Amino acid sequence: MFGDILVGGGPRRRWMKFGDEDSVNQSLVDLQEPTRLVPAYLRCAAWGLSLAARKQKMLVIGLGGGGFVRFLRKRFPRVEIDIIEIDPTAVSLAKAHFKIRETKHTRIHVTDAVLYLLAQDDLYDFILLDAYEGARLGPRLADFEFFSLAQGHLESGGICVANICEPSAQREKRTTAAFSRAFHHNSLDVTMPRDRNRIVVGATSPLPSRAILTHSAQVADLLGYYPFRLTPFVRNIRSHRPENAVRHNKTGSNSESEKKMQPR
């Protein structure tokens with residue numbers, strides 16, 4: 001649908017690319033550890049997931065090689081996952097070369113993300129927006145209207161993470177601003193120093209302060225919540241509106257919102 005889709009790699013890793021071999025990897029999978037999140041931006045997305053109040057029902061828009069789906073299936077075996085992928089060829093390749101399987105708890109919908117969200121009223125605890133047309137976000141999936149539509153499909157306490165990698169700084173700034181407005185500025189964005197990705201995180205309620213996010217990530221790392229560290233992503237937060245910070249009460253104990261941010 002969006003041109004050629006290539007699959008290749010060596011004995012250790014397999015990649016999927018849109019366009020030609022010189023284009024960026026749309027997916028990168030470790031064949032020896034297929035549930036390991038190789039791209040840093042997906043590990044950052046998993047950090048965003050850790051902020052969700054519940055982790056029972058999730059929506060992934062953009063399948064690629066399905067690396068994040070495999071990670072979810074291992075880390076949260078009972079989770080319900082809906083996957084939206086508009087290109088049937090990408091789905092066929094993901095099944096043939098990346099061992100993506102549909103089950104009663106993992107459903108792939110070959111359809112347009114906007115039409116899917118408009119046609120049903122399911123609510124999700126977590127939504128990942130990671131759908132690209134080649135090297136850029138599809139225009140219909142990078143505007144205020146779409147981000148607002150996604151926000152309307154979140155449960156209370158839900159989290160939405162979007163992977164933004166636009167071809168120009170101006171477009172990236174405009175897309176990030178649209179996302180923030182759609183989430184009533186209950187959002188933050190994280191830079192990925194080693195690649196061009198920018199991750200934006202939106203919530204249905206005000207996000208905690210940077211100090212609380214740091215503490216929560218440190219606790220998660222000590223407990224081994226994920227097989228990778230989360231604190232580096234908090235350090236890479238680029239913007240975080242201070243009015244969204246959770247305050248401490250007069251006794252010095254943390255608020256109820258802070259308690260909800262502890263990893264579970």
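The values are calculated or read from the model by the stated rules, or taken from the named source; none is laboratory data. Nothing here was measured: the structure is a model prediction, and the numbers come from that model. Note that we place each Cβ from the backbone using ideal geometry, even for glycine, and neighbour counts take in every protein chain shown.
Results for (1) surrounded by fewer than 23 Cβ atoms within 10 Å (Cβ to Cβ); (2) acidic (Asp, Glu); (3) within 17 Å of the chain's Cα centre (by Cα), shown as yes or no for each residue.
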{"residue": "GLN120", "(1), (2), (3)": "yes, no, no"}
{"residue": "TYR132", "(1), (2), (3)": "yes, no, yes"}
{"residue": "LEU154", "(1), (2), (3)": "yes, no, yes"}
{"residue": "THR176", "(1), (2), (3)": "yes, no, yes"}
{"residue": "VAL190", "(1), (2), (3)": "no, no, yes"}
{"residue": "PRO193", "(1), (2), (3)": "yes, no, no"}
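Hey, HIS105 hits all of (1) modelled with pLDDT of 95 or more; (2) under 20 Å from ALA162 (Cβ atoms) but one; which does it fall short on?
(2)
For segment 12-35, state whether one or more residues are of a type outside the set (A, V, I, L, M), within 15 Å of the chain's Cα centre (by Cα), assigned to a helix (DSSP H, G or I) and buried (at least 18 other Cβ atoms within 10 Å of the Cβ).
Initially, segment 12-35 is screened for residues of a type outside the set (A, V, I, L, M), giving 12-15, 17-23, 25-27, 30, 32-35.
Still in the list and also within 15 Å of the chain's Cα centre (by Cα): 26-27.
Imposing the further condition that a residue be assigned to a helix (DSSP H, G or I) reduces the set to none.
For segment 12-35, residues of a type outside the set (A, V, I, L, M), within 15 Å of the chain's Cα centre (by Cα), assigned to a helix (DSSP H, G or I) and buried (at least 18 other Cβ atoms within 10 Å of the Cβ): absent.
Restricting to segment 51-101, and then to whatever is out of contact with any strand residue (DSSP E or B) (no Cβ under 9 Å at 6 or more places or on another chain) and in a helix (DSSP H, G or I), can you tell me which residue is farthest from GLY9 (Cα to Cα)?
ARG75
Tell me which of these GLY48 doesn't satisfy, since it passes every other one: (1) in a helix (DSSP H, G or I); (2) at pLDDT 95 or above; (3) surrounded by fewer than 22 Cβ atoms within 10 Å (Cβ to Cβ); (4) not hydrophobic (A, V, I, L, M, F, W, C).
Against the list (1) in a helix (DSSP H, G or I); (2) at pLDDT 95 or above; (3) surrounded by fewer than 22 Cβ atoms within 10 Å (Cβ to Cβ); (4) not hydrophobic (A, V, I, L, M, F, W, C), GLY48 comes up short only on (3).
Taking segment 142-157 on its own, how many of its residues are in contact with a helix residue (DSSP H, G or I) (Cβ under 6 Å, 6 or more places away or on another chain) and among the small types (Gly, Ala, Ser)?
2
Quick one: in segment 164-206, which of the residues that are over 19 Å from LEU141 (Cβ atoms) and part of a strand (DSSP E or B) is modelled with the lowest pLDDT? First the steps, then the outcome.
First pass over segment 164-206, keeping only residues over 19 Å from LEU141 (Cβ atoms): 169, 184-186, 188, 190-195, 203-206.
Still in the list and also part of a strand (DSSP E or B): 188, 190-191, 203.
Details: LEU188: 95, VAL190: 94, THR191: 88, ALA203: 97.
The selected residue is THR191.
Search segment 112-138 for residues being small (Gly, Ala, Ser) and touching a residue at least 12 places away in the same chain (Cβ under 8 Å), and hand back the single one that is nearest to GLN56 (Cα to Cα).
Of the residues in segment 112-138, the ones small (Gly, Ala, Ser) are 113, 119, 131, 134-135, 138.
Cutting the leftovers down to touching a residue at least 12 places away in the same chain (Cβ under 8 Å) gives us 113, 131, 134-135.
Details: ALA113: 21, ALA131: 22, GLY134: 31, ALA135: 31 Å.
For segment 112-138, the residue satisfying everything is ALA113.
I'm trying to understand the selection: among the residues of segment 108-137, which are modelled with pLDDT under 90 and not in a strand (DSSP E or B)? Before you say what the answer is, go through the steps one by one.
Filtering segment 108-137 down to residues modelled with pLDDT under 90 leaves 131-137.
Once the filter is applied, which keeps residues that are modelled with pLDDT under 90 and not in a strand (DSSP E or B), segment 108-137 yields ALA131, GLY134, ALA135.
Determine whether ALA94 is of a type outside the set (Val, Ile, Thr), crowded, with 16+ Cβ neighbours inside 10 Å and within 16 Å of the chain's Cα centre (by Cα). Can you show your working first?
On the way: of a type outside the set (Val, Ile, Thr): yes; crowded, with 16+ Cβ neighbours inside 10 Å: yes; within 16 Å of the chain's Cα centre (by Cα): no.
Spelling it out, it is not the case that ALA94 is of a type outside the set (Val, Ile, Thr), crowded, with 16+ Cβ neighbours inside 10 Å and within 16 Å of the chain's Cα centre (by Cα).
Return the pair list, or none, for Cβ contacts closer than 7 Å from residues in segment 163-188 that are under 15 Å from SER239 (Cβ atoms) and touching a residue at least 24 places away in the same chain (Cβ under 8 Å) to residues that are in a helix (DSSP H, G or I) and acidic (Asp, Glu), at least 6 apart or on different chains.
ILE164/GLU172
Just one of (1) under 20 Å from ASP130 (Cβ atoms); (2) hydroxyl-bearing (Ser, Thr, Tyr); (3) over 16 Å from the mean Cα position of the chain (by Cα) trips up SER239, so point out which.
With (1) under 20 Å from ASP130 (Cβ atoms); (2) hydroxyl-bearing (Ser, Thr, Tyr); (3) over 16 Å from the mean Cα position of the chain (by Cα) applied to SER239, the lone miss is (1).
Could you tell me whether any residue of segment 139-149 is touching a residue at least 12 places away in the same chain (Cβ under 8 Å), crowded, with 18+ Cβ neighbours inside 10 Å and assigned to a strand (DSSP E or B)?
Checked against the condition, which is being touching a residue at least 12 places away in the same chain (Cβ under 8 Å), crowded, with 18+ Cβ neighbours inside 10 Å and assigned to a strand (DSSP E or B), segment 139-149 yields no hits at all.
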